[in-house]
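The values are calculated or read from the model by the stated rules, or taken from the named source; none is laboratory data. Keep in mind that what you see is a predicted model, and the values were worked out from it rather than measured. Positions of Cβ are backbone-derived with ideal geometry, glycine not excepted, and every protein chain shown enters the neighbour counts.
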């Protein structure tokens with residue numbers, strides 16, 4: 001009986017494993033740091049994700065418009081000369097702060113760009129963990145004239 | 001999904017335009033639509049992971065991403081895979097130009 005139970009359990013486990021996509025072998029920050037995705041402010045989200053909010057300024061460059069006409073797609077560029085492993089983007093314009101956490105394996109160039117939604121004028125914060133283990137950050141205020149969160 | 005990958009002097013620039021309405025909790029209430037957003041994206045060149053992102057619903061509709069890497073050259077195959085909040089996957093590939 002014991003053995004039969006064990007066999008059926010492992011068969012079920014194998015079935016589950018085969019269903020999961022291969023991409024889950026990589027780090028999914030939604031699974032490892034669920035609190036960070038629920039945090040309403042950048043400060044709380046950064047602490048939940050990185051365990052600290054003590055960061056070094058001036059090493060990351062945010063390329064974002066000072067005035068965004070369309071809050072539905074605000075382009076945010078991130079550049080740095082530091083060898084970064086994890087780059088996270090936060091904003092204070094929406095109900096929850098975290099937008100995206102990117103992971104860069106060795107051999108990456110820190111020259112990234114994405115587009116985000118902002119329903120009002122707010123600060124955009126980038127916090128990144130270097131391969132040296134240090135935390136780096138940059139903040140830029142983006143003014144939004146038309147909100148873009150379904151509003 | 002649209003992918004454009006170009007190599008220049010050993011640096012590959014990858015641009016992608018994904019398909020998702022990116023509707024979060026609040027938006028689903030105001031727009032009377034189901035919550036649907038991409039939660040994870042991976043990019044591989046010749047099977048090697050070169051970039052990945054865990055994402056939330058505050059990316060723009062049909063999210064756009066650009067990243068750069070030195071791990072590729074002209075003719076290599078790049079594969080991008082996405083997973084959404086319902087577990088549905090989508091993937092597309094392109095050759096680096």
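Below, the figures for the structure above:
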| item | result |
| --- | --- |
| Residue within the range B:19-33 that is within 21 Å of residue A:98 (Cβ to Cβ) and within 10 Å of the chain's Cα centre (by Cα) present | no |
| Check on residue B:44, more than 7 Å from chain A (Cβ to nearest Cβ) and at pLDDT below 90 | no |
| Selection count where residues are more than 10 Å from every other protein chain (Cβ to nearest Cβ) and free of Cβ contacts under 8 Å to residues at least 24 places away in the same chain, scope the range B:3-31 | 2 |
